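Asks: Attaching a single structure in structure tokens format; questions to follow.
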Amino acid sequence: MPNQPHRSDGTESPAEAEVVDLVSSLIRFDTSNTGELETTTGERECAEWVAQQLAEVGYETEYVESGAPGRGNVFARLKGRDSRALLIHGHLDVVPAEPADWSVHPFAGAVEDGYVWGRGAIDMKDMVGMTLALARQFKRNGTVPPRDLVFAFLADEEAGGKYGSHWLVEHRPDLFDGVTEAVGEVGGFSLTVPTRDGGERRLYLVETAEKGIAWMRLTVKARAGHGSFLHPDNAVTMLSEAVARLGRHTFPLVPTDAVVDFLAAVSEETGLEFDTASPDFDGMLAKLGGISRIIGATLRDTANPTMLRAGYKANVIPQSAEAVVDCRVVPGRQAEFEREVDELIGPDVEREWITKLEPYETTFDGHLVDAMNDALLAHDPHARTVPYLLSGGTDAKAFAKLGIRCFGFSPLQLPANLDFAALFHGVDERVPVDALKFGTRVLEHFLLHS
Ligand SMILES: [Zn+2]
């Protein structure tokens, strides 16, 4: 479906004209975050390039390394009429990619078939490119936005932000002086749903809440011994039982405000019913297609075992066995979640948190939400914004510690049949060229009215 061009004569803004090149260039920096300091090496070069793009048009930039050499972040500020600043943040790191699995090289930045291809195309060098393009356009035009805009390009989001946003919030809070609100990933993208009257409606999902992240190590310590003897207190057996119980467990459905509002909006448009009390709720949700994998995970806590370690020889029963479990907790559920986990794993299993990041939640209202609505409607008259809860985590968790109100808003108008959820950290990650240009127009409107 056509959307409104930014200018009445149909020509592109300077930001629209360069956004595809910028995203493609960003993808060509291999900023793979392996989770290990020794092997995560591309961020500095990418950050320096971003700083150069900003300096070229007259910004004073600050390059900051966050806790370890090479973990590069870049900050720039555009003075507005009001000093209550808005933070626009994007991370420069990406998850690793295996070139052999891809149709194009993941770090070539190919522009083909109407898409920009490569690792980071939607997570989140798309938003970084749109932000960069607009920052450059504003500076060149001498634009004075309604409020200070703080542009932040960050390291280490994909490993939880210990060497990125969390370090910056703790050691350099001055970089966020005056910031009251923020926008970043993962929201603002469209989801096309069939309407009651046989038409289609584009919902734009704005992230207003995030589940907590709780990575847990489980350890069983028992008696070592010979593999040929009777040995009921075998650490490997005991750990495996606990891990299987946890991995098979379904936590209770806990609909939060964001999820309830989201489902109500989808019902209103589509006529589909979502009764969270029904035993067939998952079946109702599946009618939403690919997005149901994201939404389904926002309704309950999850505990997915991801790593196992034990033993060193076939005939030696080891003294200990270890597992790592990736847990994601619905806002407000932490205490209840821990009680349930302890009951499942039993008294012989020790548990400790490796990483624990609080959930985040704000309301879907106020001036900034109005500005998102207006910006989307100005460029897509079929738009309807709806709040949603993200099952993952973003740098918003760090900024919330400074009292900053955070939203996921990186606008993209997507083709109705694109399985967007499958592209996150997926093979053949790509973003439509049209979506980038649309997003740039919406973001411009938003930033100039925020
Ligand atoms: Zn991301």
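Asks: Would you mention how many residues in segment 124-155 are within 25 Å of ALA68 (Cα to Cα) and open to solvent by 10 Å² or more (accessible area, probe 1.4 Å)?
Replies: Residues in segment 124-155 being within 25 Å of ALA68 (Cα to Cα) and open to solvent by 10 Å² or more (accessible area, probe 1.4 Å): 0 in total.
Rundown of residues vs (1) within 30 Å of PRO106 (Cβ to Cβ); (2) surrounded by fewer than 15 Cβ atoms within 10 Å (Cβ to Cβ), yes/no style:
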{"residue": "GLU336", "(1), (2)": "no, no"}
{"residue": "GLU340", "(1), (2)": "no, no"}
{"residue": "ALA371", "(1), (2)": "no, no"}
{"residue": "HIS382", "(1), (2)": "no, no"}
{"residue": "GLY393", "(1), (2)": "yes, no"}
{"residue": "VAL427", "(1), (2)": "yes, yes"}
{"residue": "ASP434", "(1), (2)": "yes, no"}
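Asks: Additional query: Is it true that some residue in segment 191-203 is within 16 Å of the ligand (Cβ to nearest atom) and in a strand (DSSP E or B)? Quick ask: steps written out before the conclusion?
Replies: So the first thing to find is which residues in segment 191-203 are within 16 Å of the ligand (Cβ to nearest atom), and the list is none.
There is no residue in segment 191-203 that is within 16 Å of the ligand (Cβ to nearest atom) and in a strand (DSSP E or B).
Asks: In contact (Cβ under 8 Å) with a residue 60 or more places away in the chain, open to solvent by less than 50 Å² (accessible area, probe 1.4 Å), assigned by TED's automatic domain parsing to the domain that holds ASP374 and among the basic types (Lys, Arg), is that true of ARG28?
Replies: Working: in contact (Cβ under 8 Å) with a residue 60 or more places away in the chain: yes; open to solvent by less than 50 Å² (accessible area, probe 1.4 Å): no; assigned by TED's automatic domain parsing to the domain that holds ASP374: yes; among the basic types (Lys, Arg): yes.
Here the answer is no, as ARG28 does not meet what is asked.
Asks: Something else: Give the number of residues within segment 400-425 that are within 14 Å of the ligand (Cβ to nearest atom) and farther than 23 Å from ARG119 by Cβ.
Replies: In the first step, residues of segment 400-425 are kept if they are within 14 Å of the ligand (Cβ to nearest atom); the result is 406, 408-410, 412, 420-421, 423-425.
Remaining after also requiring farther than 23 Å from ARG119 by Cβ: 406.
Total satisfying the criteria: 1.
Asks: Turning to a different aspect of this structure: Answer yes or no: is there a residue in segment 53-67 that is under 21 Å from ALA108 (Cβ atoms) and not charged (D, E, K, R).
Replies: At the first step, the residues of segment 53-67 found to be under 21 Å from ALA108 (Cβ atoms) are 53.
Now narrow it down to the ones that are not charged (D, E, K, R): 53.
Checking segment 53-67: at least one residue is under 21 Å from ALA108 (Cβ atoms) and not charged (D, E, K, R).
Asks: A further question follows. Hey, does segment 292-301 have a residue that's closer than 16 Å to LEU344 by Cα, open to solvent by less than 60 Å² (accessible area, probe 1.4 Å) and outside any helix (DSSP H, G or I)?
Replies: Among the residues of segment 292-301, at least one is closer than 16 Å to LEU344 by Cα, open to solvent by less than 60 Å² (accessible area, probe 1.4 Å) and outside any helix (DSSP H, G or I), which makes the answer yes.
Asks: Out of ASP261, ASP282, ASP275, report the one residue that is open to solvent by 20 Å² or more (accessible area, probe 1.4 Å), assigned to a helix (DSSP H, G or I) and closer than 30 Å to ASP370 by Cα. So that I can check it myself, show each step before the final result.
Replies: Working: ASP282 fails: closer than 30 Å to ASP370 by Cα; ASP275 fails: assigned to a helix (DSSP H, G or I).
That would be ASP261, the only listed residue that is open to solvent by 20 Å² or more (accessible area, probe 1.4 Å), assigned to a helix (DSSP H, G or I) and closer than 30 Å to ASP370 by Cα.
Asks: Give me the pairs, please: first residue somewhere in segment 173-200 and over 30 Å from ARG147 (Cα atoms), second residue anywhere and part of a loop (DSSP other than H, G, I, E, B) and away from the ligand (no atom under 16 Å from the Cβ), beta-carbon distance under 7 Å, and either six or more positions apart or on two chains.
Replies: From residues that are over 30 Å from ARG147 (Cα atoms), the pairs are THR192/ALA416; ARG196/GLY271; GLU200/ALA416.
Asks: Which residue is farthest from the chain's Cα centre (by Cα), if the candidates are limited to segment 217-233 and must be open to solvent by less than 30 Å² (accessible area, probe 1.4 Å) and under 30 Å from THR355 (Cα atoms)?
Replies: Per the criteria, the residue is ALA222.
Asks: Among the residues of segment 197-216, how many are under 27 Å from the mean Cα position of the chain (by Cα) and either open to solvent by 10 Å² or more (accessible area, probe 1.4 Å) or on the phi > 0 side of the Ramachandran plot (or both)? Lay out the reasoning, then the answer.
Replies: Filtering segment 197-216 down to residues under 27 Å from the mean Cα position of the chain (by Cα) leaves 200-216.
Retained after the next criterion (residues that are either open to solvent by 10 Å² or more (accessible area, probe 1.4 Å) or on the phi > 0 side of the Ramachandran plot (or both)): 200-202, 213, 215.
Summing the residues that are under 27 Å from the mean Cα position of the chain (by Cα) and either open to solvent by 10 Å² or more (accessible area, probe 1.4 Å) or on the phi > 0 side of the Ramachandran plot (or both) in segment 197-216 gives 5.
Asks: What about GLY187, is it of a type outside the set (Lys, Arg), part of a loop (DSSP other than H, G, I, E, B) and touching a strand residue (DSSP E or B) at 6+ places or on another chain (Cβ under 7 Å)? Give the steps one after another, and end with the answer.
Replies: Details: of a type outside the set (Lys, Arg): yes; part of a loop (DSSP other than H, G, I, E, B): yes; touching a strand residue (DSSP E or B) at 6+ places or on another chain (Cβ under 7 Å): yes.
Against the criterion (of a type outside the set (Lys, Arg), part of a loop (DSSP other than H, G, I, E, B) and touching a strand residue (DSSP E or B) at 6+ places or on another chain (Cβ under 7 Å)), GLY187 qualifies.
Asks: Still on this structure, I have one more. Only one residue in THR250, THR219 is within 30 Å of GLU350 (Cβ to Cβ) and in a strand (DSSP E or B), so which one is that? Even if it seems obvious, please write down each step before you answer.
Replies: Details: THR250 fails: in a strand (DSSP E or B).
Criteria check complete, one pass: THR219.
Asks: Tell me, yes or no, whether segment 235-248 has at least one residue that is within 30 Å of THR219 (Cα to Cα), polar (S, T, N, Q) and outside the structural domain of GLY393 (by TED's automatic domain parsing).
Replies: Residues of segment 235-248 that are within 30 Å of THR219 (Cα to Cα), as a first pass: 235-248.
Subsequent filtering for residues that are polar (S, T, N, Q) retains 237, 240.
Add one more test, that the residue is outside the structural domain of GLY393 (by TED's automatic domain parsing), and what stays is 237, 240.
Yes: one or more hits.
Asks: Please go through segment 88-122 and give me each residue that is buried (at least 23 other Cβ atoms within 10 Å of the Cβ) and under 21 Å from ALA421 (Cβ atoms), ordered by number.
Replies: Quick first cut of segment 88-122, residues buried (at least 23 other Cβ atoms within 10 Å of the Cβ) only: 88-94, 106, 109, 116, 118-122.
Within segment 88-122, GLY90, HIS91, ASP93, VAL94, PRO106, VAL116, GLY118, ARG119, GLY120, ALA121, ILE122 meet the criteria.
Asks: A further question follows. So which pairs qualify, if the first residue must be in segment 315-330 and in the same structural domain as TRP215 (by TED's automatic domain parsing), the second must be open to solvent by less than 20 Å² (accessible area, probe 1.4 Å) and aromatic (Phe, Trp, Tyr), the Cβ gap must be under 6 Å, and the two must be at least 6 apart or on different chains?
Replies: Every condition considered, the pairs that remain are VAL329/PHE337.
Asks: So which strands (runs of 3 or more DSSP E) are wholly in segment 42-147 and hold at least 2 residues that are of a type in the set (Gly, Ala, Ser)?
Replies: Working: elements: 61-65, 72-78, 82-91, 115-117.
In segment 42-147, 72-78, 82-91 are the strands (runs of 3 or more DSSP E) which contain 2 or more residues that are of a type in the set (Gly, Ala, Ser).
Asks: It is to be established whether one or more residues within segment 155-172 are away from the ligand (no atom under 16 Å from the Cβ), assigned to a strand (DSSP E or B) and out of contact with any helix residue (DSSP H, G or I) (no Cβ under 7 Å at 6 or more places or on another chain). Working first, answer last.
Replies: Start the filter on segment 155-172 by keeping residues that are away from the ligand (no atom under 16 Å from the Cβ), which leaves 167-172.
The next check asks that each one be assigned to a strand (DSSP E or B); those that pass are none.
Looking for residues that are away from the ligand (no atom under 16 Å from the Cβ), assigned to a strand (DSSP E or B) and out of contact with any helix residue (DSSP H, G or I) (no Cβ under 7 Å at 6 or more places or on another chain), one finds none in segment 155-172, hence no.
The values are calculated or read from the model by the stated rules, or taken from the named source; none is laboratory data. What you see is a predicted model; the values in this text were computed from it and never measured. Ideal geometry is used to build each Cβ from the backbone, glycine not excepted, and the neighbour counts take in all protein chains shown. Note: accessible area is taken over every heavy atom of the protein model, side chains too, but ligands, DNA and RNA are not part of it. Shrake-Rupley method; radii C 1.70, N 1.55, O 1.52, S 1.80 Å.
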